[in-house]
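Student: Handing you a structure now.
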Amino acid sequence: MKLAVILAVCLFGVSTNAKSLRSAPTDCVIDELRPNPDNPHTFYSCTPYGPVLMQCPADLVFSVEANRCANWANMDRPLPMLQSTEAATRRSNH
């Protein structure tokens, strides 16, 4: 049973990582930060060894304009991952 759980966790991690690698920028410039089109809560840091997927702190999203993780409620437009009605609902709740 333990082996099955470990195997499931490993397979999930590999499939999640594979999706992230497909989104990784191929034209990275060293020290540049790039958004992850699959997840606004993550971004890529371009290193001499290639792009590295980074996570924003809780409740923050990567802002291209600010070139850092920012509070989505303070951004001018809704997150690309959210449908416009959900984004409007979130904005009105804050």
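The values are calculated or read from the model by the stated rules, or taken from the named source; none is laboratory data. Quick caveat, the model's predicted, so the values are computed rather than measured. Cβ sites come from the backbone with ideal geometry, for glycine too, and all protein chains shown count toward neighbours.
Student: Please find, among Asp59, Asp27, the residue that is surrounded by fewer than 11 Cβ atoms within 10 Å (Cβ to Cβ), touching a strand residue (DSSP E or B) at 6+ places or on another chain (Cβ under 8 Å) and at pLDDT below 95.
Tutor: Exactly one residue qualifies, and that residue is Asp59.
Student: Would you check if Asn74 is polar (S, T, N, Q), at pLDDT 90 or above and more than 13 Å from the chain's Cα centre (by Cα)?
Tutor: Here the answer is no, as Asn74 does not meet what is asked.
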